[in-house]
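Encoded as structure tokens, the structure appears first; notes follow it.
The values are calculated or read from the model by the stated rules, or taken from the named source; none is laboratory data. Just so it is clear, the model here is predicted, and its values are computed rather than measured. Please note: Cβ atoms are built from the backbone with ideal geometry, for glycine as well, and neighbour counts cover all protein chains shown. All accessible areas refer to the heavy atoms of the entire protein, side chains included, with ligands and DNA or RNA removed. Shrake-Rupley method; radii C 1.70, N 1.55, O 1.52, S 1.80 Å.
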Amino acid sequence: MSTVKSTISIASIWTDFKEITKMGLSVVVVFSSIAGYFLGAESFSFSTFLLLCFGGYFMVGASNAYNQIIEKDLDALMDRTKNRPIPAGRMSVSTAFVIAVAFTIAGVATLYIINPKTAMYGAISIFLYTCVYTPLKTKTPIAVFVGAIPGAIPFMLGWVAARGNFGIEAGTLFAIQFFWQFPHFWAIGWFLHEDYKKGGFFMLPTGKPDKATAVQIILYSIWTVIASIIPVFGFTGDLKLTIVGAIVIFLLGMVMVYCALRLFKLRTNKAAKQLMLYSVTYITLLQIVYVADKFLS
């Protein structure tokens, strides 16, 4: 009987650990960094690759843990978050803080081994997400703009890890993921609007799921597509994209624009959720296309 209880306890601790660091989201973010690394790498280094994977995970995990500590009382008010480890009482704030600090130190140290600039951008990401974006969420819709900065860092972080510098190439990768954040998070803010209101969060540009918000979602979807195909014109340094790659990404982007237009027309939670799901598909496929285009062209 004690063995069964012990097994259940270990399993629940592991589940809470995954939730406080948002392991699923962290893995997705690490994927972006890996894509950026392959785009920037002139020769593959397994040690750099491994350090980037662990450092990236620690970086995102730390940000998420700090976020859940700061928002613990607000999380308890929302259906989406009330069962998280801290508001549900399964994890203490001090335990979560130890995890957050340990992940911060481990993340910055791991990325520093790659090169100092990678560590610097990782640290900036944690700071902006924790100290600026999180507090602003209950004060102004501008929080999404601020949050888009750390959200866009991982894609370009891989390039910086590979090259050791921030140039037009890394800046372009940053721009792509920066513009993408808006339709993605505003779509989430749309279908979770009522739940977010319980916590007092301002996630939509107009404060509500209306026509004006839908128009902005369309505009940022278009800008995302434009930013995504810029390398085909040949002025983004070593970051290149063939015509075939650009056409594929453009067509994928048009599907996202279509989803945004559909949200404008229907203005339903279902349409918003479909846009959110496709936006994740879009950024993932874009990164795969970019990497495949580099190695197949």
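At-a-glance table
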quantity: Cα-derived Rg to Rh of the chain, Kirkwood definition; calculated: 0.99
quantity: Nearby aspartates and glutamates by direct alpha-carbon distance to Lys294 (threshold 18 angstrom, same-chain neighbours under 8 apart not counted); calculated: Glu42, Glu169, Asp238
quantity: The stretch 25-94, relative contact order in percent, only Cα pairs under 8 angstrom and at least six apart counted; calculated: 25 percent
quantity: Partner aspartates and glutamates for Lys265 [C-alpha distance under 13 Å; skip if fewer than 8 residues away on the same chain]; calculated: Asp210
quantity: Relative packing of peptides 284-290, 32-38, 55-61, 146-152 - highest average C-beta neighbours within 10 Å first; calculated: 55-61, 32-38, 146-152, 284-290
quantity: Mean residue ellipticity (222 nm) of the chain, computed from DSSP H runs ≥ 4 via -39,500 (n - 2.57), nearest 500; calculated: -25500 deg cm²/dmol
quantity: P(r) histogram, all alpha-carbon pairs of the stretch 58-179 included - 10 Å bins from 0, percent; calculated: 14, 38, 32, 14, 2
quantity: Formal net charge of residues neighbouring Arg84 (Cβ-Cβ distance under 10 Å; K, R +1; D, E -1); calculated: +1
quantity: Candidate residues Val27, Val144: accessible-area rank, largest first, probe 1.4 Å; calculated: Val27, Val144
quantity: When the stretch 174-297 is reduced to its Cα atoms, the Kirkwood hydrodynamic radius in Å; calculated: 14.9 Å
quantity: Fraction in percent of alpha-carbon pairs per bin - 10 Å, the stretch 160-224; calculated: 21, 38, 22, 16, 3
quantity: Label-point gap, in nm, between Val291 and Leu25 - each point 7 angstrom along Cα→Cβ; calculated: 2.2 nm
quantity: Taking N as its residue count, the alpha carbon Rg of the stretch 1-135 over 2.2 N^0.38 Å; calculated: 1.16
